[in-house]
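The values are calculated or read from the model by the stated rules, or taken from the named source; none is laboratory data. Note that this is a predicted model, so its numbers are computed, not measured. Note that each Cβ is placed from the backbone with ideal geometry, even for glycine, and that neighbours are counted across all protein chains shown. Calculation scope for accessible area: heavy atoms of the full protein, side chains included, ligands and nucleic acids excluded. Shrake-Rupley method; radii C 1.70, N 1.55, O 1.52, S 1.80 Å.
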Amino acid sequence: MKQFIIFVRKEFLHIFRDSRTMLILLGMPMVQMLLFGFAITTEVRNTKVAVFDPSQSMETRAIKERFDASEYFTIAEEIRDVSRINDVFKYGEIGLVMVFSDDFENELHLGGDAAVQLITDGTEPNQASMITGYASNILAQSMQELSEGSSVPCRIIPEIRMLYNPQAESAYNFVPGVMGMILMLICAMMTSIAIVREKENGTMEILLVSPMKPIYIILSKVTPYFTLSMVNLITILLLSVYVLGVPIAGSLPLLLFVSVIFIFLALSLGLLISNVVNTQVAAMLVSGMGLMMPVMLLSGLIFPVESMPIPLQCLSAIVPARWYVDAIRKIMIQGAEIQFVLKEIGILLFVTVALVALSLKTFKNRLN
């Protein structure tokens, strides 16, 4: 028993001396609990609403005030031209457009059916259904209030319309998100073991004494994986269109351009991980476990970013997959042109350049 206790003490000391292992064992569960507790939510919160109200009557103002007072919606914009409805969705800032009929006041008080059109972005069908459900409930409450002071019963009929995905197919939501997750994980994992493998096999000395500069060594590592990643991208797009039935509504060259930027970003991130860690197992753990959870929870793949607490929304802003998924949804589903995805392209380019610079900086010309 004394020898057993000594061996147990030795193992504890090994674990305590390894700060990375301690971080994984004690830090990761806390991070997972906080992320899953706050990020996993099916509630609709702080959805921005754009309103087209040609009548500007007291009744429509009362309905808008009730929407604005709700914790679920915020009136963000008054639309003067119905042609702007498509644009506000493509910019990704509005979650619901509410359109009142031209003669809403008279229709309401003359015993007819006053129409209110609720337009949402169908690229995320589950969220769109929840948004229209919440909005319909608020309209029903408004109808009861307006009926109290009127001799004629008021009836407000919501007309629900889902843009870009009227059939509410779930594949329209998941395909762009899964594309981001696959490219990020596969590209990062493939390149994360590139330099570490050389260290473990003892061939890193040959590379370091060669006349090759670090930039050429890194590029030589990236090129084969970039080629394989392009094959993955083309395969994913073919499966999406011909098997899952998700059409490419926008420009295919623009879609490929954004995807190439994201592939370079993921490959650069893998190289950075490969420079920092010393074993292939550690590289796989960091690139696999360390990237999968943020991509799944904070990129908008499953849960809407707008419904998360403000700190998690800020955290999601540094997850590159979020911007790629947003751009692909706009291009592939909404058919958006390049001016609607300039912000996403700019962020992806900036992160790619930063990761390449960090990879060069952390590349060690000498072995320890």
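The mean accessible area for residues of segment 289-368, using a 1.4 Å probe and ignoring ligands and nucleic acids, is 46 Å² per residue.
Pop out the carbon and sulfur fraction of the accessible area of segment 283-327 as a percent, whole number, probe 1.4 Å.
On the way: 1360 of 1650 Å².
The nonpolar share, carbon plus sulfur, comes to 82 percent.
Taking only protein heavy atoms and a 1.4 Å probe, the accessible area of segment 46-132 is 44% carbon and sulfur.
Amide H to amide H distances under 5 Å link PHE52 with ILE79, MET98, VAL99, PHE100, where only residues 5 or more positions off or on other chains count and H is placed in the peptide plane.
Computed from backbone phi, the HN-Hα couplings of segment 130-138 come to 5, 4, 5, x, 5, 5, 5, 5, 5 Hz, rounded to whole numbers (Karplus: 6.51 cos²θ - 1.76 cosθ + 1.60, θ = phi - 60°; Gly and Pro given as x). Counting 0.36 nm for each residue step from PHE257 to ILE302 and taking away their Cα separation leaves a gain of 13.7 nm.
Subtracting the Cα-Cα distance of GLN3 and LEU358 from their residue separation scaled by 0.36 nm leaves 123.1 nm.
Can you give the net charge of the other residues whose Cβ lies under 15 Å from the Cβ of MET189, counting K and R as +1 and D and E as -1? Can you show the working numbers first?
Working: positive: ARG197, LYS221; negative: none.
Around MET189, the charge tally is +2.
Extending 7 Å from Cα along the Cβ direction at ASN106 and again at ALA69 yields two label points whose distance is 2.9 nm. Net charge of the neighbourhood of LYS48, taken over other residues with C-beta under 9 Å away and scored Lys/Arg +1, Asp/Glu -1, is -3.
What length, rounded to one decimal in nm, is gained on full extension from GLU200 through to ASN126, with 0.36 nm per residue of separation minus their alpha-carbon distance? Going from the current span to full extension adds 21.9 nm. Between segment 50-85 and segment 333-355, the C-alpha centres lie 30 angstrom from each other. Backbone amide hydrogens, once placed in the peptide plane, bring ILE160 within less than 5 Å of LEU118, excluding anything fewer than 5 places away on its chain. Here's the picture: charge each Lys and Arg Cβ at +1 and each Asp and Glu Cβ at -1 in segment 212-368, and of ILE273, PHE303, GLY288 the one pushed furthest to the positive end of that dipole is ILE273.
A simple charge model with +1 on the Cβ of Lys and Arg, -1 on the Cβ of Asp and Glu and nothing else charged puts the dipole of segment 47-163 at about 200 debye relative to its Cα centre. A cut-off of 5 Å between modelled amide H atoms, ignoring neighbours fewer than 5 places along the same chain, links THR47 with PHE73, THR74.
Rolling a 1.4 Å probe across the protein heavy atoms gives segment 47-163 an accessible surface of 48 Å² per residue.
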